[in-house]
1. Evaluate segment 34-52: report whether one residue or more is touching a residue at least 40 places away in the same chain (Cβ under 8 Å) and either aliphatic (A, V, I, L, M) or not in a strand (DSSP E or B) (or both).
2. Restricting the search to segment 58-101, which residues are assigned to a strand (DSSP E or B) and either on the phi > 0 side of the Ramachandran plot or in contact with an Asp or Glu (Cβ under 6 Å, 6 or more places away or on another chain) (or both)?
3. Give me the pairs, please: first residue somewhere in segment 1-30 and within 21 Å of residue 74 (Cβ to Cβ), second residue anywhere and among the acidic types (Asp, Glu), beta-carbon distance under 6 Å, and either six or more positions apart or on two chains.
4. I'm trying to understand the selection: among the residues of segment 67-110, which are under 13 Å from residue 6 (Cβ atoms) and open to solvent by less than 90 Å² (accessible area, probe 1.4 Å)?
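The values are calculated or read from the model by the stated rules, or taken from the named source; none is laboratory data. Note that the structure is a prediction, hence the values are computed from the model and not measured. No Cβ is skipped: glycine too gets one built from the backbone with ideal geometry, and neighbour counts run over all protein chains shown. Note: accessible area is taken over every heavy atom of the protein model, side chains too, but ligands, DNA and RNA are not part of it. Shrake-Rupley method; radii C 1.70, N 1.55, O 1.52, S 1.80 Å.
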Amino acid sequence: MSLRNKVTLIGYTGKEVEMVNFENGNVKASVSLATSDHYTNAKGEKVEETQWHNLIAFGKVAEIMEKYVPKGKEIAIEGKLMYRSYDDKDGVKRYITEIRVDEILLLGGK
């Protein structure tokens, strides 16, 4: 197991899983994940900071996400960071950071 590009997150899904079926029979799942951090600022106020992450999964993991992960579900994932870019309709280069999920653990009671 490599530790060179590894991400582990626990959070709540922000939308329903979106599925894409490819001609070769493979499937891709996409969903957003919210992670929250809590801290006390210099004024003594409690602050919650939420980060959003784009998750993608393929094959069996994608099928599990489609079947068992509704919006608002708490999950733990392990995967790796992936970067890609594309040119939008106006010719502007856009960059996307995603986490390719290798393992998923279903948490919570939802």
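1. The answer is no, given that none of the residues of segment 34-52 is touching a residue at least 40 places away in the same chain (Cβ under 8 Å) and either aliphatic (A, V, I, L, M) or not in a strand (DSSP E or B) (or both).
2. Answer for segment 58-101, where residues must be assigned to a strand (DSSP E or B) and either on the phi > 0 side of the Ramachandran plot or in contact with an Asp or Glu (Cβ under 6 Å, 6 or more places away or on another chain) (or both): 78, 79, 82, 93, 94.
3. 8/78; 12/74; 17/66; 19/66; 29/66; 30/18
4. Our first condition is that a residue be under 13 Å from residue 6 (Cβ atoms); within segment 67-110, this holds for 77-82, 99-103.
Within segment 67-110, 77, 78, 79, 80, 81, 82, 99, 100, 101, 102 meet the criteria.
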